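Okay, structure first, notes after.
Each value in this text was obtained by applying a stated rule to the coordinates, not by laboratory testing. Note that this is a predicted model, so its numbers are computed, not measured. Glycine gets a Cβ as well: all are built from the backbone with ideal geometry, and neighbour counts include every protein chain shown.
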Ligand code: ADP
Ligand code: MG
């Protein structure tokens, strides 16, 4: 991971806007890895992204499924959540192999947005692909209600996204 930025998202609107910039800019196959505790803003960001892709359905956390897919936008959006796979990952279960095969198929498409929550639980999942890693964290309560965000890009498609974020947030 090379290029990296860190800044503050003062409110939920800013988190949504971050997602919107990604949704507006994405023009290839990129994995967007989201890290952050419960309530950090992962779903808010994904909703902003989906809206700008033109997704018509409402987007929620894929808590009880490990994959949601949306095909009504200008490119497909796949939304993985690895949290519930923790045991499969630890036991080296075949479930992960299946999921990797599925991701490989999605990533063959020239344009596709793949959001992966809890990618840090299984780093090798996204290893072969362009990846934008977004880490959301709470700020100390005394400071602000907002969130801090660290974004790292790997590969050309992700670097383009990072560049657009820098421009939109004046970084
Ligand atoms: P997650 O999916 O990571 O659990 P959500 O996206 O559901 O988190 O967000 C949880 C709550 O935090 C929502 O009420 C959302 O509006 C709020 N929120 C999101 N981003 C920010 C922010 N930058 N500052 C303050 N509140 C935020
Ligand atoms: Mg969520």
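Using alpha-carbon pairs under 8 Å, 6+ residues apart, how would you state the relative contact order of the stretch 3-65 in percent?
Numbers: 54 pairs, mean separation 25.0, N = 63.
Rounded, it is 40 percent for the stretch 3-65.
Taking the number of other C-beta atoms within 10 Å as the exposure measure, put 46, 25, 15 in order starting with the fewest. Walk me through the intermediate numbers first.
Details: 46 29, 25 19, 15 25.
So the residues, fewest neighbours to most, are 25, 15, 46.
Scaling the Cα radius of gyration of the chain by the globular reference 2.2 N^0.38 Å produces a ratio of 0.97.
Judged by the ratio a/c of the largest to the smallest principal axis of the C-alpha gyration tensor, the stretch 76-132 counts as prolate, that ratio being 1.5 or greater while a/b is larger than b/c.
Give me 58, 4, 28 ranked fewest to most by other Cβ atoms within 10 Å of their Cβ, as a rough exposure proxy.
Working: 58 9, 4 12, 28 18.
Taking fewest neighbouring Cβ atoms as first place, the list is 58, 4, 28.
Is the stretch 1-101 rounded, prolate or oblate when judged by the Cα gyration tensor, a ≥ b ≥ c being the square roots of its eigenvalues, rounded requiring a/c under 1.5 and prolate requiring a/b larger than b/c? It is prolate, given that a/c is not under 1.5 and a/b is the larger ratio. For the stretch 52-99, rounded, prolate or oblate, judged on the Cα gyration tensor with a ≥ b ≥ c (square roots of eigenvalues), a/c < 1.5 rounded, else prolate if a/b > b/c? Prolate.
Remind me, relative contact order of the chain in percent, using alpha carbon pairs under 8 angstrom and six or more residues apart? Please report the intermediate quantities before stating the final value.
Values: 338 pairs, mean separation 59.6, N = 171.
After rounding, I find 35 percent.
Estimated from helices alone, the mean residue ellipticity of the chain at 222 nm is -10500 deg cm²/dmol (sum of -39500 (n - 2.57) over DSSP H runs with n ≥ 4, per residue).
Any chance you could check the Cα centroid distance between the stretch 115-140 and the stretch 1-67 for me, in angstrom? After rounding, the separation between the Cα centres reads 11 Å. Exposure proxy ranking for 44, 142, based on other Cβ atoms within 10 angstrom of each Cβ and starting from the fewest, stands as 142, 44.
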